[in-house]
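Student: Pasting in a structure now, in structure tokens, and then I'll have a few things to ask.
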Amino acid sequence: MRKYPMLDMSHPIVQQASDFIFKNARLLDRLRFAHLSGQGSPEAVMQALAAYQNKDGGFGHALEPDIRSPYSQPQGAEFALHLMDETEIFPESLMTGLGQFLERHSNPHTGGWPYAFRSINEHPHTPWWTTESDDTASINPTGSIAALLLKSRDWHPFLKEKWLNRAIQYTWDTVESADLTGFHNCIHAVHFLEQQTDDPRAAALKARVDQHLSKPGVIELDPRAGGYVQKVLDWAPESTSYAVQFVPEQILSLHLDHLISEQQDDGGWPISWEPLSSAAENEWRGHLTIERLKTLSSYGRI
């Protein structure tokens, strides 16, 4: 069974998006679109992803379009794992090197990985990626990396290693005690929680996350709110997302209507932040256009 419903190429929204993607998106995202619409294979997506992998096993080369560095970054590892999860295959040809990279750079004291390595500063990047210190692990992106590696464990027994267990323990320790305010911390706790439902510690974590998500303003309920805010569909991009339970059905429907209305005349969706460059903007728009199609498909709108 496919993770995502196959995109209907006869639907006007998909047709317009297809035109945008094939005109503007990078090869990786064109192949993602082909796979999601039943015109291509997941293996082709993985072949394109392999071009972003370095000899050290990590991922760079602007896989995350706001980081133009060729060097491997923790964010690159997370980005790559999300794409593998989308295709539902975790190729050993990619995962072996990635596992070696993650083990090599795991924090020796706590486990986990930093927000970014200082090498990020050597090439153009958006201001929020500037990094002065990289000797401390961060829940962003450790929580999501740990969650995605847990999903891939059945594919790769070699992932049952001490460094992964230490990253998992770091994530437990952090989400049980740290401040979860801010989307980019809490969403990683949510991703981790989604993979830990059978662990007895999950109940306490769920209580903390639920309390935070229930606070007014954490999930932006106004679909027309401007600026870099995290709205309903950022927290719940799929109908099975954890945060769906905190959004009334009527509000959810309004956000889906608004998402459809945001499709631009060129067929793509806009980004909500200042782009680093025109190239980065096009790359992000190609990626996000596919994400928007996945969301609309998941909720049965296309």
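The values are calculated or read from the model by the stated rules, or taken from the named source; none is laboratory data. Since this is a predicted model, take the numbers as computed values, not measurements. For neighbour counting, all protein chains shown are included, and Cβ atoms are generated from backbone atoms with ideal geometry for every residue, glycine included. The accessibility values were calculated without ligands, DNA or RNA, using every heavy atom of the protein model including side chains. Shrake-Rupley method; radii C 1.70, N 1.55, O 1.52, S 1.80 Å.
Student: How many residues, within the stretch 214-242, are among the aliphatic types (A, V, I, L, M), within 18 Å of L288 (Cα to Cα) and modelled with pLDDT under 95?
Tutor: Going through the stretch 214-242 one residue at a time, the tally reaches 1.
Student: Could you count how many residues in the stretch 226-246 are part of a helix (DSSP H, G or I) and not β-branched (V, I, T)?
Tutor: Step one: of the stretch 226-246, the residues part of a helix (DSSP H, G or I) are 232-235, 242-246.
Then keep just the ones that are not β-branched (V, I, T); that gives 233-235, 242-243, 245-246.
Looking only at that region, the number is 7.
Student: Is there a residue in the stretch 235-250 that is in contact with a Pro (Cβ under 9 Å, 6 or more places away or on another chain) and among the hydroxyl-bearing types (S, T, Y)?
Tutor: no
Student: Across the stretch 121-133, what is the total count of residues that are of a type outside the set (G, A, S), in a loop (DSSP other than H, G, I, E, B) and more than 21 Å from the chain's Cα centre (by Cα)?
Tutor: Pass one, the stretch 121-133, residues of a type outside the set (G, A, S): 121-132.
Next, only the ones that are in a loop (DSSP other than H, G, I, E, B) stay: 123-124, 126, 130-132.
This time we only want the ones that are more than 21 Å from the chain's Cα centre (by Cα), so: 123-124, 132.
Final tally of qualifying residues: 3.
Student: Could you give me the residue pairs with C-beta distances under 6 Å whose first residue belongs to the stretch 42-58 and is under 13 Å from L83 (Cβ atoms), whose second residue is of a type outside the set (A, V, I, L, M, F, W, C) and open to solvent by less than 40 Å² (accessible area, probe 1.4 Å) wherever it lies, and which are 6+ apart or on separate chains?
Tutor: Hits for this filter: P42/H35; P42/T87; V45/R32; V45/H35; V45/T87; M46/P91.
Student: Next question, about the same structure. Could you pull out every one of the helices (runs of 4 or more DSSP H) wholly within the stretch 147-225 that has 2 or more residues that are under 19 Å from P114 (Cβ atoms) and open to solvent by less than 20 Å² (accessible area, probe 1.4 Å)?
Tutor: Per the criteria, 162-177, 183-194.
Student: Looking at P141 and the list (1) open to solvent by 20 Å² or more (accessible area, probe 1.4 Å); (2) at negative phi; (3) under 22 Å from the mean Cα position of the chain (by Cα); (4) not hydrophobic (A, V, I, L, M, F, W, C), which single condition is not satisfied?
Tutor: It fails just one condition, (1).
Student: Give me the pairs, please: first residue somewhere in the stretch 263-276 and within 18 Å of A62 (Cβ to Cβ), second residue anywhere and surrounded by 15 or more Cβ atoms within 10 Å (Cβ to Cβ) and of a type in the set (F, W, Y), beta-carbon distance under 6 Å, and either six or more positions apart or on two chains.
Tutor: Qualifying pairs under 6 Å: I271/W284.
Student: Which of the residues belonging to the stretch 99-135 are out of contact with any Gly (no Cβ under 7 Å at 6 or more places or on another chain), of a type in the set (F, W, Y) and open to solvent by less than 10 Å² (accessible area, probe 1.4 Å)?
Tutor: Residue satisfying the conditions is W113 alone.
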